[in-house]
Amino acid sequence: MIRQENVTNRDLDLLCVALDHALKPEEKVEFDRRLTESPHLADLYRTQRHLKTAMGQIPHRKVPHNFTLTRAEARKAKRGNILQPIFGWASAVSALLVAVIFGSQLFFNNLAFAPAPAAESPMVMMEEHSALDETASIGIMAAKPVYLLNWNYGAMGMGGMDAIGGKGGAGFDGSGGVSINIYVDPDVVYGADLMLESDEILEEMPMEDYQLEMLPEEPIEDTSVDQWSLDFEETPVGEGEAPPTKQLQREAPKIYGIDPDKVGTIVRMTPNLSLEQPEEATEEQAQVVEESSDKQPVPTEVSIALLSAALIFGLVWYYLKYRR
Amino acid sequence: MITMEESILIEKAADGDLDAFNQLVMIYQELAFNLAFRIMSDEASAADATQDAVISMYRKLDTYRGGSFKAWFLRIVTNACYDELRKQKRRPTIPLEPETDDGDLLESPEWIADQAPDMEESIMNAQLEKAIQNCLDKLNEKHRAVMVMIDISGEDYETVAEIIQSPVGTVKSRLSRARLKMQECLQNAGELLPDQFRLKSEEDDD
């Protein structure tokens, strides 16, 4: 290498300027001092002077021909000059429109999804359907207590003690009677013709964990219900003692009959209402998704056309500017 | 500095006067062509680049906003050379002239046809020019352009800074590096140089 350790960058800068005779007075003093201090710098200065002299003596080439323009060439040059900025602007405007369209779609999609974060897509909602059912069921049960009425009959009229604790137990008691569990909605007003006798109510508890329902195979006429007399006692949730018996003048609960063969059989573990509300909710969410996807301000075809135009115009502009 | 005559020509050319424009071209075409030739290292390519620069200047004349017209035109020429070099890199060409294995021309028809009175001096100049051009070709484009404009064309730092649109400090640093590389290159190819142009360090070594 030409450069050595005792030659600094500052020396090289001064050397370069000195070769062109452009040193300021103070720089000239500094450079002369460095020349005396560094023999290598002095040698470098001599060789560089020879080089500059040699390069300055390179003869100039004569032009092979005049580079003046004819009228036709001038017209052609001007025509290209008009087209190039047109294509350049067209490309820029197309690209800008595409960017605005995609940006606005992205923005409005985000806005549409913000209030309904669960409504991601129908496929996702389908996958989450079972989870929604469970949560909805629990939510409904928690919000609306369903009371379980144990009702029994038997030879001695004292059966049904085994269905305790709201666990939906049902079956024959020790005296050979049959106990059944009936859902009683506390919000429903039952008929006034029912006179409940406290002796016949054995247990009534809120449904929390399991629910037992016995559904009849063949409904029987409502008139049969009128013949029955039920004692009804409503016990609030969490209370150990039964409140005083009250006579309800309400509509009679509909009992469609008892299938003796299925006594003690768990027919359904969840209330019927559990599926309705989540399904409605998911349908609404799916509609929101479909509407948001259908309500695109600019069709996709237009976006693609603009993008293609931007690319084509840009290529033409590039050709006119650099390739011609 | 722009002379009065030049200023009038520029104004007329900007108004669409083709004759005025061609007069401007005649003033600067030799300078432009030599700059292009030293950057391109090929006469045909230099001519193409110069012609492109002239056409480009004609198109852009209405964008000229004063200042050194020479620097403005040489900037267009330099950019045209860079574009031409990029084209050549994309589409490398094979010269028709016979070459040695090292890529050097076996003989130059121009030198043979040269009618210089002193044949020996002409040959020495040709050898010097060839050695310098070979070393120039080994520099990168930016260093080469700065060195050609200052050491061969004789432009000053300010003009070159205006041409390459960079600060004067950048011009100086590029020139310094270019000169060091040139010196190193020429020392490696010292035997090609005529004696009177050999570098001092080589003479000392001898």
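Here is a check on your reading of the model: is residue A:38 among the hydroxyl-bearing types (Ser, Thr, Tyr) and touching a Gly at 6+ places or on another chain (Cβ under 9 Å)? No. Checking each residue in segment B:140-151 for being in contact with a helix residue (DSSP H, G or I) (Cβ under 8 Å, 6 or more places away or on another chain) and surrounded by fewer than 20 Cβ atoms within 10 Å (Cβ to Cβ) picks out B:141, B:142.
One residue stands out in segment B:126-163 among those that are assigned to a loop (DSSP other than H, G, I, E, B) and over 12 Å from the mean Cα position of the chain (by Cα): the one that is nearest to the other protein chains (Cβ to nearest Cβ), namely B:156. For segment A:22-39, the condition of being within 10 Å of chain B (Cβ to nearest Cβ) and surrounded by 12 or more Cβ atoms within 10 Å (Cβ to Cβ) holds for at least one residue. Flag set for residue A:10, criterion: out of contact with any Phe, Trp or Tyr (no Cβ under 8 Å at 6 or more places or on another chain) and either without any contact (Cβ under 8 Å) to a residue 12 or more places away in the chain or more than 7 Å from every other protein chain (Cβ to nearest Cβ) (or both). If only residues of segment B:164-193 that are assigned to a loop (DSSP other than H, G, I, E, B) and more than 9 Å from chain A (Cβ to nearest Cβ) are counted, the one that is modelled with the lowest pLDDT is B:189. For segment B:18-63, the tally of residues that are of a type in the set (Ser, Thr, Tyr) and at the interface with chain A (Cβ under 8 Å from one of its Cβ atoms) stands at 2.
The set of residues in segment A:40-84 being aliphatic (A, V, I, L, M) and within 7 Å of chain B (Cβ to nearest Cβ) consists of A:51, A:54, A:55, A:58, A:63, A:69, A:74, A:77.
The values are calculated or read from the model by the stated rules, or taken from the named source; none is laboratory data. Bear in mind that the values here come from a model prediction, so they are computed numbers and not experimental data. For neighbour counting, all protein chains shown are included, and Cβ atoms are generated from backbone atoms with ideal geometry for every residue, glycine included.
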